[in-house]
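Peer 1: Let me give you the structure first, and then I'll get to my questions.
Values quoted throughout were computed directly from the atomic coordinates according to the rules given, and no laboratory measurement underlies them. Predicted, not measured: the structure shown is a model, and the values here were computed from it. Cβ sites come from the backbone with ideal geometry, for glycine too, and all protein chains shown count toward neighbours.
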Amino acid sequence: MGLRLALIGCGGISRAHLDGIRQLDGLVEVVAVCDTDRGAAAQAAARAGGGPAVCERYQEVLARDDVQAVDILLPHHLHAPVTLAAAAAGKHVLCEKPIARTRAEARQMIQAAQAAGIKLMVAYCERYANEYQAAHALLQQGAIGPLHLSRIDHNQWVSPPAGHWLTDPEALGGGAVAGSGTHRLDLLRWFNGEVARVAAFAANTGVTTGRGEDVAAISLEFANGAVGEMAISWSCRRFPWYEGLWLYGEQGVIHNVGGLQLSRLGADGQATEYEPVPLPHDDRGGFREEIRHFAECVLENRQPLTDGEQALRTLELVEAVYRAATTRQVVSLPLPEDESGSRTPNI
């Protein structure tokens with residue numbers, strides 16, 4: 001029997017989740033969908049095959065006996081309160097990234113999940129995408145030796161209508177870094193381990209509707225001595241690629257320009273030509289695979305790869321970025337326990 005799941009929030013991201021669920025051959029059954037906009041919920045129900053119950057209040061979903069787990073697809077400021085309510089109702093939680101806006105909210109969510117004995121997983125879908133799974137496996141195999149330098153970027157045009165929650169730093173928990181950069185920072189942590197120091201600059205270009213930063217450049221020093229950088233733009237009207245990755249190791253390089261590519265030292269000590277890394281045909285399966293992983297963790301009582309603790313560490317890194325951008329100083333991690341960091345960098 002599959003996992004009986006309810007979607008709470010039927011905005012744009014729900015389409016990606018429902019498309020992923022549809023590819024799982026019955027592993028997950030959507031039994032209810034919920035949105036304060038009943039029309040949006042009805043559209044989600046239709047996309048799920050027409051069978052799910054349509055609800056307008058998440059409390060209705062949590063009261064249903066046929067719901068084992070919820071997929072929280074809400075604005076960031078609602079992640080914590082809805083997760084706390086779900087845990088109190090004994091429902092397992094898959095929550096869209098980031099886990100919350102602040103570490104204080106995230107800790108409440110983790111503690112509530114532990115107290116209720118439910119699974120809490122955060123939807124960092126990029127860890128589950130074939131391309132990044134393959135890159136991580138190559139690193140684990142030592143294909144390019146220890147990493148010395150990692151570069152990652154994100155290019156996008158994000159300018160929602162005025163009044164949309166994505167334009168509000170309070171609801172979003174910041175700007176582009178909190179909204180999309182969190183994915184890329186999470187990958188850098190996964191590839192390199194924990195970060196020791198951060199320097200960052202952020203700006204609002206004035207060409208988008210968002211009131212937070214829409215561009216940022218971030219430098220990282222990892223605890224193992226490696227270094228890295230991330231650049232992000234939400235103000236790129238025509239971008240050369242969506243997301244780039246370059247991993248420089250002692251014995252080779254991995255990058256994803258034109259597909260995942262690998263070069264490493266040959267037997268003669270010379271670098272080989274770049275060769276494509278074989279991947280499954282459907283390389284945009286991150287949403288499907290993260291939901292598969294969540295369902296299997298619930299049904300088989302396993303710990304999720306991107307559990308609350310992992311998401312908290314990525315959120316701490318995001319907060320360190322904002323603190324560095326605000327103070328114009330290098331920030332060391334871990335951050336003090338009693339400080340959450342500013343979400344209004346000097347832009």
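Peer 1: Any idea which of GLY193, ILE218, PRO280 is furthest toward the positive side of the dipole for region 176-283, if Lys and Arg beta-carbons carry +1 and Asp and Glu beta-carbons -1?
Peer 2: Selected residue: ILE218.
Peer 1: Give, rounded to the nearest 20 debye, the magnitude of the charge dipole that region 150-246 has about its Cα centre when Lys and Arg contribute +1 at Cβ and Asp and Glu contribute -1 at Cβ. Mind showing how you got there, number by number?
Peer 2: Numbers: 7 positive and 10 negative charges, 43 e Å.
With Lys and Arg at +1 and Asp and Glu at -1, about 200 debye.
Peer 1: Now a separate question. Give the average over all directions of the projected area of the C-alpha convex hull of region 210-265, one decimal, in nm². Spell out each step's value before the answer.
Peer 2: On the way: hull surface 21.3 nm².
Value for region 210-265: 5.3 nm².
Peer 1: Ranked highest first by the average count of other Cβ atoms within 10 Å around their residues, in what order do 62-69, 5-12 fall? Don't jump to the answer; show the numbers that get you there.
Peer 2: Values: 62-69: 16.2, 5-12: 23.8.
Descending mean neighbour count gives 5-12, 62-69.
Peer 1: If R₀ is 41 angstrom, what is the calculated FRET efficiency for the pair THR205 and LEU149, using the beta carbon separation as r and rounding to 0.05? Numbers along the way, then the final one.
Peer 2: Numbers: r = 27 Å, r/R0 = 0.67.
So the FRET efficiency works out to roughly 0.90.
Peer 1: Per the Cauchy relation, a quarter of the hull surface: what is the mean projected area of the convex hull of the alpha carbons in region 119-263, in nm²?
Peer 2: Working: hull surface 38.8 nm².
If you wrap the Cα atoms of region 119-263 in a convex hull and average its projections, you get 9.7 nm².
Peer 1: To check you understand DSSP bridge types, tell me what percent of the beta bridges within the chain (both residues inside) are antiparallel, rounded to 5.
Peer 2: Here the share of antiparallel DSSP bridges comes out near 55 percent.
Peer 1: For the chain, build the convex hull from the C-alpha positions and give me its volume per residue in Å³. Please list the in-between numbers first.
Peer 2: Values: hull volume 47.9 nm³, N = 347.
Looking at the chain, the number lands at 138 Å³ per residue.
Peer 1: Of GLY174, LEU5, ASN155, which is farthest towards the positive pole of the chain's charge dipole, taken about the Cα centre with +1 and -1 on the beta-carbons of Lys, Arg and Asp, Glu respectively?
Peer 2: GLY174
Peer 1: Could you tell me how many degrees, from 0 to 90 and to the nearest 10, lie between the Cα long axis of helix 130-140 and the main elongation axis, the longest principal axis, of the Cα atoms of the chain?
Peer 2: Helix 130-140 sits at roughly 50 degrees to that axis.
Peer 1: Roughly how many debye, to the nearest 20, is the charge dipole of the chain about its Cα centre, given +1 on each Lys and Arg Cβ, -1 on each Asp and Glu Cβ, and no other charges? Kindly include the intermediate steps, with their values, before the conclusion.
Peer 2: Working: 30 positive and 41 negative charges, 99 e Å.
The dipole magnitude comes to about 480 debye.
Peer 1: Sticking with this structure for a sec: With n ≥ 4 as the cut-off for DSSP H runs, can you work out [θ] at 222 nm for the chain, using -39500 (n - 2.57) per run divided by the number of residues, rounded to the nearest 500?
Peer 2: Details: 10 runs with 111 residues, N = 347.
That calculation yields -9500 deg cm²/dmol at 222 nm.
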